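Just so you know, all these numbers are worked out from the coordinates, no wet-lab data involved. Quick caveat: nothing in here was measured; it's all calculated off a predicted structure. Backbone-built Cβ (ideal geometry, glycine too); neighbour counts: all protein chains shown.
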Amino acid sequence: MNPMPPLIEAHDLSKYYGRHLALDRVNFAVEMGRIVGLIGPNGAGKAAIGAALTLAALFGHVEIPVLSQPDGRAFSGAVLFGFGVTFFMVMNIYATWYLLDCLYADRKDRSVLFWKSLPISDTTTVLAKLFTGLIAIPLVYFIAADIATLLMAFIVSVRAHSALGGSLWQPDSWLQLQVLWLYLIVTVAVWYLPFAGYLLVVSAWAKRAVTLWSLVPPLAAYLLERWFFGTHWVGTMLRDRAFGYLPHALRADPGHEAWVTAAVGDDTISAPASIWRVLDPLGFVSSPATWIGILAGIVFIIGAIQLRLRRTGI
C-alpha cells in the first residue's frame, strides 16, 4: 500500500524582514488529518510561516501534493470557495457595524444638521446608508476577494505547480465564481433586510451604547416570552432568519445531485458539480420567508426614517 502524500510540504522556506532573518530554510510536512500548531516566542517566525504558506511559497518552495492528484480540481474549488467565504465573513462584520453606527455617528458629531441643511430628504439619506451597507460594501469586498484569489491562484500555479491555480484560468470557472458572488450579494441583502432595518432603527434612536441596545430588545423579548408564556417563538424566528439563508438561496445539501464527492487520500470532500446547479433563485423568490423578511425590513426602514426626522442630536 502506497503511503498517503502529505497535505502540505515546505522546503527551504526563508523570509527576511530587512536584515533580520525570520525564517531560515525551514522544512516540514503536514500529513492529512493532522492538526499542527506553531509555538514560539515573538519574532520566532510563526506569522511569517503562515503568510508564506498563504501566498504559496513566495519565499521558498511549497508543494501541495493533494492538489495534483486526479481529484485535485474539486479540492481546489473548495479551497478557493473557502478563501472567498473568509472575505465574505469579514465583510458581514464590517457591514453590520456600519449599519449600526451610521445614523448614530451623524447625531453624535452633529453632522446630521449639515445633512438636513442640504436639499436631501431624510428618506434618501437612510436609503443611501442602507444601500451602502447592503450593496456597496459587499461589492468592494467582492472586488478585493477577486484580486486576492487571482493573485493566490497565480502564485500557486507558478510556484507550486498544482491544480489550484489552474482551476481559475478556465473561463467557465471564472464566470461561475463571479455569478456566485453577485448572487450572494443580492440574495443576502434581501434575506437580511430585517436585520439591516433593525440596526438602522437602533442607530437612529440610541443615544449611546448602540451595540448594547441592538442586543437588549431581542434578548428581552426572548426571555419575557419564555418566562410568561413558556414558548420560544421569538428565538425560533431569530434563529431561522439568522441561519436559514443557505437552504433558501442555495442547494447547499452535499447529498443533493448538484454536489459531487471527490476522494482526497483516504478522505473525501464534497464540492459543487457546477455553480449553476447550486444556485436556487426560483426557490428563494418563491419562499414565503423571503417575502415576510422583506415586509419586516420595510417596516423597520420606515421606522428608521421617522426617527431620523425627529432626532437631530445626542
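Ordering 311, 208, 277 from the fewest to the most neighbouring beta carbons within 10 Å gives 208, 277, 311.
Fewest first, what order do 287, 214, 121 take by the number of other Cβ atoms within 10 Å?
On the way: 287 17, 214 20, 121 13.
Taking fewest neighbouring Cβ atoms as first place, the list is 121, 287, 214.
Residues 129, 207, 108 in ascending order of nearby Cβ atoms (within 10 Å, fewest first): 207, 108, 129.
Please give the contour-minus-distance gain from residue 148 to residue 306: 0.36 nm per residue of separation, less the Cα-Cα distance, rounded to one decimal in nm.
Length gained, residue 148 through residue 306: 52.8 nm.
Placing R0 at 22 angstrom, the Cβ-Cβ distance between residue 174 and residue 286 gives a FRET efficiency of 0.15 after rounding to 0.05.
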